[in-house]
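K.L.:
The structure's right below; bear with me while I get my questions together.
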Amino acid sequence: MSLSPRETAEKAARTRFMVMNFARVGGLALVLIGIVLARSAPHLSAQWIAGAVMAVLGLLEFFFLPAIIAKRFKALDRANDHRRR
């Protein structure tokens, strides 16, 4: 059974919402793991530096990756709309 255009759009929106939230949760997990690594090591050791880098990358992922993903989705929508015409 095929889905109506509205059901197809809703399914795509749900999937995109989940992808963006998984990116946020992944970034948050990276921040927390980085903090745990940095807190459990002496200052400026290799483990501390790795933890700090992970925490910063996790923050960047948390704040910026969902926006980048949304831009890609919008570009994909525009390309699909252009092909349909």
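Read-outs: derived from the displayed coordinates by stated rules, not from any lab. This is a predicted model, so every value here is computed, not measured.
K.L.:
Using only the alpha-carbon atoms of the range 32-74 as identical scatterers, what base-10 log of I(q)/I(0) does the Debye formula give at q = 0.17, 0.32 Å⁻¹?
P.N.:
-0.50, -0.95
K.L.:
Okay, moving on. Taking the Kirkwood radius as the inverse of the mean 1/r across Cα pairs, report the Rg/Rh of the chain.
P.N.:
Details: Rg = 18.9 Å, Rh = 15.1 Å.
That ratio is 1.25, to two decimals.
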